[in-house]
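Structure first, commentary second.
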Amino acid sequence: MGLRLGDLAPNFVAETSEGKIDFYEYLGDGWGVLFSHPGDYTPVCTTELGAVAKLRSEFEKRNTKVMALSVDGLENHKGWISDINETQHTVVNFPIIADEDRKVSDLYDMIHPNSNENLTVRSVFIIGPDKKIKLTITYPASTGRNFEELIRVIDSLQLTAKYSVATPADWKKGEDVVVGLSIKTEDIPAKFPKGHKVVKPYLRMTPQPDL
Ligand code: BEZ
């Protein structure tokens, strides 16, 4: 059985392109994104790691550390990172786990044998400061991920952890949010003084409360 939302993200110590890292120590009390890719020196993965490197400051603004994983070794990682830097015009500035013994891949169920028994799929885990899993997504090898979407989800997770709100379809930071169902309509003005709109008794919108 794979990991599910709300499960504790297992800790591990792993060799990475930035040395041996204890995952929990690396995350500290912030948020984390752990993502696997099928292999080094592959075209889609090259663009994905470049995209994450370019978004590093966006992750940092959200107190979020990123870590990648593949089942290739450290020497491969080193050579491939310089290819990524060269071709994607960036600097890979986050650790990539060299999971040759598949310890972490197995722990996080990143190898799906009916897809490919030798390679990790494109798994993503967002982990909260409580070390619980807040999001999982799995993409096939042939489809590169949208890392802006992960930033969007982190914005939603961080907001909804603080306020009794939820974020609607395609929401982006700054747009109106949904008032949580646990809040009675008559209590909304006290909790959300910026205003609200009752579209239906179960669909009440309010401006993003922390802006
Ligand atoms: C890629 O990253 O380009 C890739 C990896 C495995 C299978 C297909 C594509």
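The values are calculated or read from the model by the stated rules, or taken from the named source; none is laboratory data. Everything numeric here is computed off the predicted structure, so don't read it as measured data. Cβ coordinates were reconstructed from backbone atoms using ideal geometry, including for glycine residues, and neighbour counts include every protein chain displayed. For the accessible areas, the whole protein counts, side chains as well, though only heavy atoms, and no ligand, DNA or RNA atoms are used. Shrake-Rupley method; radii C 1.70, N 1.55, O 1.52, S 1.80 Å.
Take GLY6 and decide whether it is assigned by TED's automatic domain parsing to the domain that holds LYS131, at pLDDT 95 or above and open to solvent by less than 70 Å² (accessible area, probe 1.4 Å).
Answer is no for this residue.
Only one entry of ASN114, ASN118 meets the criterion of being open to solvent by 30 Å² or more (accessible area, probe 1.4 Å) and touching a residue at least 24 places away in the same chain (Cβ under 8 Å), and that entry is ASN118. With the requirement that a residue be in contact with a Leu (Cβ under 9 Å, 6 or more places away or on another chain) and of a type in the set (Gly, Ala, Ser), what does the range 54-85 give you? The answer is ALA68, SER70. Among what's in the range 12-37 and is assigned to a loop (DSSP other than H, G, I, E, B) and touching a strand residue (DSSP E or B) at 6+ places or on another chain (Cβ under 7 Å), pick the residue that is farthest from the ligand (Cβ to nearest atom). Result: GLY30.
Taking the range 163-208 as the range and being touching a residue at least 12 places away in the same chain (Cβ under 8 Å), in a loop (DSSP other than H, G, I, E, B) and more than 19 Å from ILE151 (Cα to Cα) as the test, the residues that pass are SER164, GLY180, LEU181, SER182, ILE183, PHE192, LYS194, GLY195, HIS196, PRO201, TYR202, PRO207.
Identify, please: which residue in the range 47-63 is of a type outside the set (Asp, Glu) and open to solvent by less than 50 Å² (accessible area, probe 1.4 Å) and is, among those, farthest from ASN93 (Cα to Cα)? In this case the residue turns out to be ARG62. Restricting attention to the range 1-53, the residues that are touching an Asp or Glu at 6+ places or on another chain (Cβ under 7 Å), under 18 Å from VAL121 (Cα atoms) and of a type in the set (Gly, Ala, Ser) add up to 2.
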